[in-house]
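For reference, the structure discussed in these notes is given below.
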Amino acid sequence: MARYILARLLGAIPTVFLVLTLVFFAMRILPGDPAVAALGDNAQPAQLAQYRAKMGLDAPLPLQYVHFLAGLAVLDFGQSFMSDTRVSTLLLHNLPYTIELTVTAVLIGLVLGIPLGVLAATHRNRLPDDAMRIYSLIGYAIPDFYLGAILLVVFSLWLGWFPINGAGTGFWGGLYHVILPAITLALLKSAFIGRLTRASLLDVLGRDYVRTARAKGAGERRVIYRHGLRNALLPLSTGIGLSILATLSGSVAVELVFNRPGVGQLLIEAIHQRDYPVIQGGVIIFALFVVLVNLAMDIVYVFVDPRVRVQA
């Protein structure tokens, strides 16, 4: 098992390295000058040159890249061009809000999606199944930010049930502020989870060992949950992993719609301001999340599928 996990981690290193390299060079190729963004359009050439020298922006691009890699080796992401604050400090401040939103949305999505998928599979071509199809189509079609804007207008501005912005303080305050953004993400992701649960469960329920269990007199509930849903976990776990990553990426837009702190909002602001160190640090965080989620899914495979367990 340890060798299996280590191999997966080592295999992810080239991917993360490539992503960081592409971000580093792409941000410097795109139009825009961080010095002008920091000092303003009325800054004098001497001031701009002094700022570039202070931030290391006047160095040749390959040398800047070497300094970037050297900083990563000691977990130093540098300082923000705009606030002159350590990037690690900014990330540590905003990361808990993004994790809170992602975890809450994924949990709500699973609680909604899996039962809906089971209900649709056990009532195939009937009203619950038709309703699930419509729900999944709507979930695929509506963007996160659009649904977030609708829920914000209805439940915050019109009804006043939820706060308009912010993240709250304390457990209950944080929960109160995160519910509506989390529901925004969960409603769309639960459509995907529900559709996948339905397809996986229908595939399993049509197999010989399920028919054998029914022939031996096993109750329908036992057939569905013990023989059906349990054996549908492998494709379902893949979908859950994809849903987690989609929820994480969707949190960027949702944080902006609800004016909520988080790594996503920090990244968007940094892109507008050409704040290279913050952008690079934020991308590293998202890349590490992708690696960790994929690793978690690989570990789940080991426990769910005996064939993978033997190879591990």
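The values are calculated or read from the model by the stated rules, or taken from the named source; none is laboratory data. No experiment lies behind these values; they were computed from the predicted model shown. Note that each Cβ is placed from the backbone with ideal geometry, even for glycine, and that neighbours are counted across all protein chains shown.
To keep it simple, each residue is scored yes or no on (1) assigned to a helix (DSSP H, G or I); (2) of a type in the set (A, V, I, L, M); (3) out of contact with any Cys (no Cβ under 6 Å at 6 or more places or on another chain).
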site: L110; (1), (2), (3): yes, yes, yes
site: R133; (1), (2), (3): yes, no, yes
site: L151; (1), (2), (3): yes, yes, yes
site: V154; (1), (2), (3): yes, yes, yes
site: A167; (1), (2), (3): no, yes, yes
site: G173; (1), (2), (3): yes, no, yes
site: Y176; (1), (2), (3): yes, no, yes
site: I183; (1), (2), (3): yes, yes, yes
site: L201; (1), (2), (3): yes, yes, yes
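If A37 meets every condition in (1) over 30 Å from T197 (Cβ atoms); (2) modelled with pLDDT of 80 or more; (3) out of contact with any strand residue (DSSP E or B) (no Cβ under 8 Å at 6 or more places or on another chain) apart from one, which number is that one?
Of everything listed in (1) over 30 Å from T197 (Cβ atoms); (2) modelled with pLDDT of 80 or more; (3) out of contact with any strand residue (DSSP E or B) (no Cβ under 8 Å at 6 or more places or on another chain), A37 misses just condition (2).
Does segment 138-149 contain any residue that is more than 23 Å from V252 (Cα to Cα) and modelled with pLDDT of 85 or more?
Looking through segment 138-149, none of the residues is more than 23 Å from V252 (Cα to Cα) and modelled with pLDDT of 85 or more.
Enumerate the helices (runs of 4 or more DSSP H) found wholly within segment 228-305, keeping only those where 3 or more residues are among the aromatic types (F, W, Y).
276-304
Among (1) at pLDDT below 85; (2) surrounded by fewer than 18 Cβ atoms within 10 Å (Cβ to Cβ); (3) of a type in the set (G, A, S), there is one condition G78 misses while meeting the rest; what is its number?
(2)
Among the numbered criteria (1) within 26 Å of the chain's Cα centre (by Cα); (2) within 30 Å of V252 (Cβ to Cβ), which one does V118 miss?
Single failed check for V118: (2).
Go through segment 18-48 and count every residue that is closer than 20 Å to I271 by Cα and either in a helix (DSSP H, G or I) or not assigned by TED's automatic domain parsing to the domain that holds L63 (or both).
Of the residues in that region, 19 qualify.
Looking only at segment 244-288, filter to residues that are touching a Pro at 6+ places or on another chain (Cβ under 9 Å) and among the aliphatic types (A, V, I, L, M); which one of those is surrounded by the most Cβ atoms within 10 Å (Cβ to Cβ)?
Filtering segment 244-288 for residues that are touching a Pro at 6+ places or on another chain (Cβ under 9 Å) and among the aliphatic types (A, V, I, L, M), the one surrounded by the most Cβ atoms within 10 Å (Cβ to Cβ) comes out as V254.
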